[in-house]
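The values are calculated or read from the model by the stated rules, or taken from the named source; none is laboratory data. No experiment lies behind these values; they were computed from the predicted model shown. For neighbour counting, all protein chains shown are included, and Cβ atoms are generated from backbone atoms with ideal geometry for every residue, glycine included. When the accessible area is computed, the model is the full protein with side chains, heavy atoms only, and any ligands, DNA or RNA have been set aside. Shrake-Rupley method; radii C 1.70, N 1.55, O 1.52, S 1.80 Å.
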Amino acid sequence: MSHLEPQLQHAAMIDDASMPPRLSSLNSRFSEFVNAAPLVSVFKSFVDPVVVVVVLYLLSFPFQVAFDGYTCLLAAFGFLLSAQVLDGLFLFVPGHERPLLGLGRFAVQWLFICMTLMLLGWVTGFAAYFYPPYIVAWFVLAPAALVVVHALFRPIFLLPRDSAQGQRRAVIIGANRPGVALAEALQTDPLRRINWLGYFDDRESSRLADVAPSRLLGTLRDLPRYVRSHGVHNIYISLPMSSQPRVLAMLDALSDSTASIYFVPDLFVFDLIQARFDHVAGIPVVAVCESPFMGLRGVLKRFSDIVLALAIVALIWPVMLAVALAVRLTSPGPVLFKQRRYGADGESIVVYKFRSMTVLEDGDKVVQATRQDQRFTPIGGFLRRSSLDELPQFINVLQGRMSVVGPRPHANAHNEQYRSLIKGYMMRHKVKPGITGWAQVNGFRGETDTLEKMQRRIEFDLDYLRNWSIWLDLKIVAKTAFSMAGGDKNAY
């Protein structure tokens with residue numbers, strides 16, 4: 001741990017300027033959290049998947065295909081993939097005057113669904129149970145049906161922003177960060193017919209750096225009269241919890257109005273990881289730190305892990321066999337190196353690697369590999385630079401211990417070392433560790449000889465948790481393949 005000694009004395013003094021800006025990230029996450037358009041959510045979670053399944057069912061009649069157990073299983077996978085991959089936005093995107101942009105993204109999403117189902121059918125052998133023209137017709141007509149359904153709804157819901165039809169007038173109480181984020185979301189969402197009028201705040205306009213004076217409508221004392229005289233429909237309260245007496249007094253003053261009142265929690269006090277609303281036995285709760293792989297997302301992640309792992313192993317097994325023979329012939333010792341790592345929720349797992357060193361460290365102190373490390377076997381440096389030593393971890397993926405993409409697992413000794421030095425370090429263990437990760441494809445692979453380097457790696461890991469999608473996983477896999485082909489100067 002000698003390489004960390006200077007940093008240990010200054011761990012609490014790391015300059016915030018060295019960290020990527022958090023406000024814009026939190027602003028984006030907050031906007032998604034409070035402004036998820038209900039219509040888009042309905043299309044993504046229900047309408048689009050149902051249309052996909054209905055087309056599959058209707059096509060069974062002209063093709064005289066029995067809608068049996070195998071077809072029902074195909075329908076279930078189609079529903080699941082559509083609910084997770086299609087974003088429900090392809091004709092409802094911001095800037096909706098250019099719908100072809102949304103159609104292009106939709107085409108890529110549908111192509112991914114088709115390729116995933118075809119790969120699954122090939123790997124499992126289920127493809128033999130389906131009539132090919134029936135499946136091809138479904139692949140062609142299902143997206144056509146989705147375009148028709150969205151096109152029918154588009155004129156109804158995407159009215160011009162300056163149209164008064166169906167608009168609701170709204171004000172925000174509190175010109176603070178959550179209030180500003182909410183105002184920006186209300187103004188940019190084409191699906192919310194809300195005319196935001198401005199803020200009410202007891203502070204002087206000079207103290208509100210991010211708010212134009214024209215948007216400050218008055219103090220809280222002016223609110224009831226303004227609501228009545230301007231026919232305000234929605235009131236969003238964005239005051240801190242410490243303002244409870246003021247909030248109660250304001251609610252009492254508004255008791256004779258018909259406006260809908262919403263409380264906006266100040267989620268900026270948290271480092272949000274997959275923030276969402278939930279219920280526990282009927283009691284509403286707000287999740288501010290949760291795994292991205294809950295519910296259907298977890299099923300999709302596991303499904304994609306199995307498909308990718310099987311496909312990759314089917315392609316690379318000769319390489320794995322050759323590497324295993326090379327390790328065995330060039331140095332004494334086992335072919336595989338087994339090391340305990342933290343898995344999902346911090347549970348201990350055993351991770352496999354091709355042995356690249358003459359030692360098998362798995363204790364309370366593990367020394368990271370360096371560029372000219374004397375512990376390398378004759379081919380150890382090459383295995384690590386090319387990432388070939390990681391290939392046995394696809395077995396861990398099939399076992400369910402790891403994912404193809406996720407935060408890279410650190411030695412348990414390093415986890416215990418860094419968890420007290422880096423804020424949010426253990427949040428990366430909300431998910432299964434990955435063979436490759438967002439930090440690794442962004443240059444943070446290999447030795448972390450300073451605390452700042454490890455901190456940057458963790459920042460990318462947490463960014464992955466906040467923004468996970470199947471597209472991000474595929475992007476990371478593609479960048480990893482290119483990196484392996486060209487070699488990685490940071491890997492040793």
When the solvent-accessible surface of protein heavy atoms is calculated with a 1.4 angstrom probe, in what order do C114, C289 fall, highest first? C289, C114
Express in Å², to the nearest 10, the accessible area of D256 obtained by rolling a 1.4 Å probe over the protein heavy atoms while all chains stay in place. 110 Å²
In terms of modelled amide H atoms, which long-range or inter-chain residues lie less than 5 Å from the amide H of G218? D201
Long-range amide H partners of I273 with built H, under 5 Å: C289, E290
Can you work out the Karplus-derived ³J(HN,Hα) for every residue in the range 217-231? Use 6.51 cos²θ - 1.76 cosθ + 1.60 with θ = phi - 60°, whole Hz, and x for glycine or proline. 8, x, 8, 4, 5, 7, 4, x, 5, 5, 4, 6, 6, 10, x
Give the calculated FRET efficiency between Q167 and W471 to the nearest 0.05, with a Förster radius of 41 Å applied to their Cβ-Cβ distance. 0.75
Using protein chains only and a probe of 1.4 angstrom, how many square angstrom of R408 are accessible, to the nearest 10? 30 Å²
